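Read the structure below first, then the notes.
The values are calculated or read from the model by the stated rules, or taken from the named source; none is laboratory data. This structure is a prediction, so every number in the text was calculated from the model and none was measured. Because the Cβ atoms are built from the backbone with ideal geometry, glycine has one as well, and the counts that use them run over all protein chains shown. Note: areas computed on protein heavy atoms with side chains; ligands, DNA, RNA excluded. Shrake-Rupley method; radii C 1.70, N 1.55, O 1.52, S 1.80 Å.
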Amino acid sequence: MSVLVYTENWDGKFKKLSFELVSYAHEIAKMLNTQTVVLSIGNVAHDELQKLGTYGASTVMSVDNDCCKNLDNQVYSHIITQAASKADANIIILAHNNIGKALAPRLSVRLKAGLATGVLSLPQSIEPFTITRKVFTSKAIANIIINTPVKIVTLLQNSFGIHENQAAVQIETFNPDLSAVTAKTVIKEVNKVTGKLLLTDAEIVVSGGRGMKGPENWGGIEELAALLGAATACSRPVSDEGWRPHSEHTGQTGKIIAPDLYIALGISGAIQHLGGVSGSKCIVAVNKDPDAPIFEAADYGIVGDVMKVLPEFIAAVKEIKQS
Amino acid sequence: MKILICISNVPDTTTKIKFVNNNTTFDKSGVQWIINPWDELALTRVLDLKDAQAGIESVTVMNVGLADAEPTIRKALAIGADKAIRINADPVDSFQVASLLADAIKKDPYDIVLCGIESCDYNGASVGGMLAELLDMPSVSAISFLNIAGGKVELKREIDGGQESIEIATPFVGIVQKGIAKDPRIPNMRGIMMAKTKPLQVLEPSAANTLTSVGSFDLPKAKAACKKIDPDNVKELVRLLHYEAKLI
Ligand SMILES: Cc1cc2nc3c(=O)[nH]c(=O)nc-3n(C[C@H](O)[C@H](O)[C@H](O)COP(=O)(O)OP(=O)(O)OC[C@H]3O[C@@H](n4cnc5c(N)ncnc54)[C@H](O)[C@@H]3O)c2cc1C
């Protein structure tokens with residue numbers, strides 16, 4: 001018996017998401033009185049693998065195989081299935097990001113394991129295995145019962161947090177048998193920016209809506225974000241208009257995020273927008289319309305003109321950071 | 001090329017969500033139904049490619065649902081799908097949906113099967129991947145671009161901080177997100193008239209298992225009232241965020 005976590009790596013490094021997944025798995029392993037095993041695929045140095053022990057991993061299985069550099073959903077599903085069988089895993093945990101969403105459903109079929117996606121907290125009970133997740137675009141919560149011996153859960157990033165649980169960690173090389181599967185996904189080109197704080201990783205997010213009037217007014221948002229160490233985001237019409245890149249679009253049809261602080265500037269707070277940000281621990285809204293629905297979701301609000309409020313916001317943050 | 005788009009019939013995104021039977025059943029009364037937004041975008045992109053003579057023979061939509069899903073299915077026909085299939089079942093979980101779709105697809109295969117990345121009712125983000133595994137086909141997820149030219153398929157998938165351009169041979173399952181098309185197509189009068197005569201085949205479901213069930217539903221707890229700060233005292237907001245919320 002064990003709890004198995006799959007974490008991706010980013011150019012050979014783990015990040016907060018990996019540590020959060022391990023922390024979460026460790027807590028479930030405690031409920032089950034068992035061990036946390038982590039599977040890593042790709043070239044990751046020993047020191048880096050070792051870090052997973054800080055969050056409760058007792059074994060790390062590392063697949064350092066050239067065939068697996070690029071994500072091919074079938075190849076990865078084969079590897080994780082074999083790791084699950086080797087670790088005798090009865091619970092498997094992945095991130096609820098694009099990679100977790102691509103792999104978890106395939107694993108569910110391969111392992112005949114019930115799947116609960118996008119969970120935000122620990123299971124309520126182990127027997128029967130009951131866990132809550134948001135449904136109807138965050139408008140309701142469902143208590144899901146997984147009825148199969150093996151269970152798969154995907155965790156929404158930044159919903160559980162990182163918890164240190166130093167364990168004596170053992171690192172093993174794992175050599176899956178890939179004779180029965182070939183990669184069919186051919187990657188022609190990769191286009192990505194590195195070094196920029198990703199929206200899904202950010203603890204603070206500064207987001208602008210149509211109330212910002214136009215792309216020329218984003219300087220203030222970027223300045224505030226830089227001061228706070230935050231990522232920038234936007235509402236859907238803002239990305240549809242091309243004022244900001246699609247990767248910044250939050251909401252039902254965009255990214256679902258759960259930062260500690262979400263600052264909504266000139267965003268009306270339409271139900272589809274809230275669907276993506278209502279998991280934030282604290283929401284601040286600036287909107288000139290006192291009846292804007294964003295104020296129903298917000299913890300702190302200013303009814304006022306964002307063009308006037310934003311420069312003062314920036315000045316006040318500078319002041320407090322200096323004091 | 002034969003293309004299938006799996007469509008989910010979901011409550012309009014502005015629906016007020018209520019439950020009945022001791023919070024175990026979604027209350028469908030008074031709900032407006034729509035094509036799941038990502039499925040609609042996938043359909044739009046495929047129809048654009050068909051119109052552009054990209055070599056698409058037929059566009060089919062398939063839904064697992066009861067007869068009350070037919071207006072949504074007809075809408076997909078009105079937008080331009082050539083034919084529709086409804087598998088007559090009221091599914092319990094994503095695995096059951098995927099199994100029913102897989103059994104129907106095995107009998108009448110397609111070159112490309114597209115699913116939305118999630119359905120905005122149960123938000124499982126699962127059907128596409130499960131379907132691919134059940135069909136033993138490759139899958140590409142988080143697709144934000146699809147092109148077909150000279151029989152070749154080009155995709156882009158979203159990764160952290162950017163995109164990957166991908167080539168893949170058919171058959172495959174594509175799991176589609178935003179970006180694949182800008183706005184969904186809106187049916188015109190001619191489309192609506194034609195939809196009435198297009199084939200909508202009803203299949204009886206195969207025997208499919210479930211892996212999970214919903215014990216009950218809850219509504220989120222009401223949030224505490226928003227603390228309003230005077231617009232002439234923005235400093236106070238920052239002070240509260242620093243000293244009270246301890247977030248900055
Ligand atoms: C199927 C579907 C899916 C959708 N998915 C999403 C999604 O994922 N994400 C999303 O964001 N939207 C989504 N939408 C769109 C959503 O319904 C809203 O249209 C959108 O969120 C509104 O964006 P906004 O708040 O930026 O703009 P608006 O609704 O135009 O609101 C702008 C706000 O700015 C305020 N404002 C204007 N000027 C000022 C000023 N000078 N100072 C202060 N305040 C000002 C106004 O009072 C207003 O409240 C979806 C819609 C549909 C139908």
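What the table shows:
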{"read-out": "Index of the failed condition, B:Val176 passing every other in (1) of a type in the set (Val, Ile, Thr); (2) more than 8 Å from chain A (Cβ to nearest Cβ); (3) more than 23 Å from A:Leu199 (Cα to Cα)", "value": "(3)"}
{"read-out": "Within segment B:167-240, strands (runs of 3 or more DSSP E) holding 3 or more residues that are touching a Ser or Thr at 6+ places or on another chain (Cβ under 8 Å) and more than 30 Å from B:Asn22 (Cβ to Cβ)", "value": "B:172-176"}
{"read-out": "Residue match in segment B:101-118 (condition: farther than 26 Å from A:Glu8 by Cβ, open to solvent by 10 Å² or more (accessible area, probe 1.4 Å) and of a type in the set (A, V, I, L, M))", "value": "yes"}
{"read-out": "Given (1) in contact (Cβ under 8 Å) with a residue 24 or more places away in the chain; (2) within 7 Å of chain A (Cβ to nearest Cβ), number of the condition B:Asn123 does not satisfy", "value": "(1)"}
{"read-out": "Search result, residues across segment A:281-323 that are more than 11 Å from the ligand (Cβ to nearest atom), in contact (Cβ under 8 Å) with a residue 24 or more places away in the chain and closer than 15 Å to B:Cys226 by Cβ", "value": "A:Glu296, A:Ala297, A:Ala298"}
{"read-out": "Test: residue in segment B:30-39 that is more than 13 Å from the ligand (Cβ to nearest atom) and either without any contact (Cβ under 8 Å) to a residue 12 or more places away in the chain or open to solvent by less than 50 Å² (accessible area, probe 1.4 Å) (or both)", "value": "yes"}
{"read-out": "So A:Gly220, is it surrounded by fewer than 21 Cβ atoms within 10 Å (Cβ to Cβ), over 18 Å from the mean Cα position of the chain (by Cα) and within 16 Å of the ligand (Cβ to nearest atom)", "value": "yes"}
{"read-out": "Tabulated pairs, segment B:203-227, first within 7 Å of chain A (Cβ to nearest Cβ), second part of a loop (DSSP other than H, G, I, E, B) and surrounded by fewer than 14 Cβ atoms within 10 Å (Cβ to Cβ), C-beta under 9 angstrom, 6+ apart or interchain", "value": "B:Leu211/A:Lys112; B:Val214/B:Thr24; B:Gly215/A:Pro128; B:Gly215/B:Thr24; B:Ser216/B:Asn22; B:Ser216/B:Thr24; B:Phe217/B:Thr24"}
{"read-out": "Pairs, first more than 7 Å from chain B (Cβ to nearest Cβ) in segment A:122-151, second open to solvent by 20 Å² or more (accessible area, probe 1.4 Å) and of a type in the set (Asp, Glu), C-beta under 9 Å, six or more apart", "value": "A:Leu122/A:Glu27; A:Thr132/B:Asp218"}
{"read-out": "Residue ID - nearest to A:Val317 (Cα to Cα), chosen from residues in segment B:210-248 that are open to solvent by 40 Å² or more (accessible area, probe 1.4 Å) and under 33 Å from the mean Cα position of the chain (by Cα)", "value": "B:Lys223"}
{"read-out": "Selected residue (only one of B:Ile143, B:Ile166, B:Ile148 is facing chain A (nearest Cβ under 7 Å), among the β-branched types (Val, Ile, Thr) and open to solvent by less than 30 Å² (accessible area, probe 1.4 Å))", "value": "B:Ile166"}
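Residues are listed down the side, and each one gets a yes or a no for (1) facing chain B (nearest Cβ under 9 Å); (2) within 16 Å of the ligand (Cβ to nearest atom); (3) over 21 Å from the mean Cα position of the chain (by Cα):
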position	(1), (2), (3)
A:Gln170	no, no, yes
A:Asp177	no, no, yes
A:Thr194	yes, no, no
A:Val206	no, yes, no
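To keep it simple, each residue is scored yes or no on (1) more than 8 Å from chain B (Cβ to nearest Cβ); (2) closer than 25 Å to B:Asp12 by Cβ; (3) of a type in the set (Gly, Ala, Ser).
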{"site": "A:Arg236", "(1), (2), (3)": "yes, yes, no"}
{"site": "A:Ser247", "(1), (2), (3)": "no, no, yes"}
{"site": "A:Ser280", "(1), (2), (3)": "yes, yes, yes"}
{"site": "A:Lys288", "(1), (2), (3)": "yes, no, no"}
{"site": "A:Tyr300", "(1), (2), (3)": "no, no, no"}
{"site": "A:Asp305", "(1), (2), (3)": "no, no, no"}
{"site": "A:Val317", "(1), (2), (3)": "no, no, no"}
